[in-house]
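See structure below.
Computed from the coordinates by the stated procedures, all read-outs in this text should not be read as laboratory data. Source: prediction; values computed, not measured. Don't worry about glycine lacking a Cβ; one is built from the backbone with ideal geometry, like all the others, and counts go over all protein chains shown.
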Amino acid sequence: MSLAKTIIYGQVADVRAAVNPEMELDVIDEYGYTPLIQTAIMDDVEKAKIIVNAGAAIDFPDLTGRTALHWAADNNNLAFCQLLLDHQANPNAYSLAGQPILVMPFLRQQKTAELLQKRGADVAFAQDFIHAKLLGHRYKLTGHVDIVDNTNTFIEIDFEGFYIEFTLAMIDGSLKHFKNHFRARALRGYFGKLNKIIKRFDIARQLVYYHHHNIDFKNYEATINNLLNDDFLMIPVGYQGHAISFVRYHNLFAYCDRGAYGKEHGPLNIYRMTHSHLLNSNLIKYLLYKQKPRRFVEEQLQELLGLERIATLPISLQISGNCSWANIEAAVHAMLFMLFVEESGDFEESEQLAAHFFNEWIEWDKDVALDYYINSFYSANPARKASKAAALAAILFQSCEYQSAQDMERVHKIMPILTLPEYDYILKNYKKVFSKQSHTPIGKDLLAILDDFGVDV
């Protein structure tokens, strides 16, 4: 038996017997991890001690750049984190995507977040990563931006793309915050339904957690099955590099895909299931935890459940690579529609009511993200200020339309930063590129905005 399988399936004594002084421990195993990372995934600190004492490199990463401390922190295992930190693990290590270790413990409000901070993890580094991603998702930005690590080194991250758990945590938090904000006072009539939707997010977040344990998730089947007993579920699904969401509500089924599939079939379709009994716990666990062929998700599932389309809701298509964000965001719209239809039976009215709340929340969410980012700019050091200015410029040039009053309000918040002397190079570079394309909408918008502000660069 390989060392990886011994770690996964064996006892502590088996691992101790399998390790010898001549063994190379800093290698990727058949599962894509080092032996030390494998013990972290299995959440087994006693097996980890054996690997550490045998001389394994503490910060040797897996194929994604994640170290054992990433995994131990994500699992909220204080003893495991303490072991690694005591052996000089770097609390500011980051993945190939630029994600610091502190990000997920911070978002989940885990105990490991406090320990990591005490041992030197840079909060600003983690926050900049989180909020740059949020800007990218909320404003549908493409391209890259630099953030700054604990040594003031610039690290390039992609605006696009992240994983489902992050999306669930942030949208869940946004909905809870919106409910308590003064801008939502006129929407109090929605709050009963909103509370039900928030509960679905809480369930989905618990279900997605078990992706961490995909090797042995059967150990958690009793817990998972209990969660799946709910007849109102949001089901986040990843397959072949794409992320979508389904919603089940009694015999109704929502298919949320604002990407390529949605362009052909509709980005947000509501169906009636004629074979709803087949959407049982086994099928949902397959959708959640197993690799699935594209054809099954996009074609065969519809045949299996006997889906009859009853509505296609008005929602924009995905214009960048933030598929998990776009499609879990869409699930909010779908769930509202389902709840209103159950209440009134009126499809047209339900569409209008769901769309009204959804659009009000989306625009509020964008404003909150922007205001936070601008406020954080003024308290940042020079390197972080430069990073934040670049991200704000991306919003200005990619997401703000000159003819939109709402967008121009955002422009008026951004321009005082971009017109500071130390950042005029940003405006110059954008104008250099887009002035040659002034016949395009984005080029015309840029020139009109600069003219409005009397900016000559």
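Things worth noting here:
- Gain on full extension, evaluated as 0.36 nm per residue between residue 226 and residue 156 minus their Cα-Cα distance, stands at 21.1 nm.
- The stretch between residue 96 and residue 442 holds 121.4 nm of extra length on full extension. This uses 0.36 nm per residue minus the Cα-Cα distance.
- Listed residue (204, 129, 240) projecting farthest to the positive dipole end of the chain, Cβ model: 204
- The chain: calculated mean residue ellipticity at 222 nm from DSSP helix runs of at least 4, using -39500 (n - 2.57): -17000 deg cm²/dmol
- Remark: region 41-99 carries a charge dipole of roughly 80 debye about the Cα centre, counting +1 on each Lys and Arg Cβ and -1 on each Asp and Glu Cβ.
- Estimated dipole of region 223-313 in Debye, rounded to 20 [Cβ of Lys and Arg +1, of Asp and Glu -1, Cα centre]: 200 debye
- Put a plus charge on the Cβ of each Lys and Arg, a minus charge on the Cβ of each Asp and Glu, and nothing anywhere else: the dipole of the chain about its Cα centre is then about 440 debye.
- Farthest toward the positive end of the dipole of region 3-121, out of 4, 67, 92, is the Cα of 92, where the dipole comes from beta carbon charges about the Cα centre.
- For a paramagnetic label modelled on residue 308 (point 7 Å from Cα along Cα→Cβ), amide N atoms under 15 Å away belong, within region 262-276, to 270-276.
- The length gained by stretching the chain between residue 239 and residue 346 to full extension, at 0.36 nm per residue less their Cα-Cα distance, is 35.1 nm.
- Measure of compaction for region 3-121 (Cα Rg per 2.2 N^0.38 Å): 1.00
- Comparing 25, 77, 380 along the charge dipole axis of the chain, the residue lying farthest to the positive side is 380, per the Cβ-charge model.
- Oblate is the label for region 278-392, because the ratio a/c of its alpha-carbon gyration tensor axes (a ≥ b ≥ c) is 1.5 or higher and a/b is not greater than b/c.
- Pairs over the 19 Å Cα-Cα cut-off, from the set 111/176; 388/413; 179/388; 179/199; 5/49: 111/176; 179/388.
- Per-residue Cβ neighbour rank within 10 angstrom, fewest leading, 26, 158: 26, 158
- Projected label points at residue 46 and residue 429, each 7 Å from Cα along the beta carbon direction, are separated by 5.5 nanometres.
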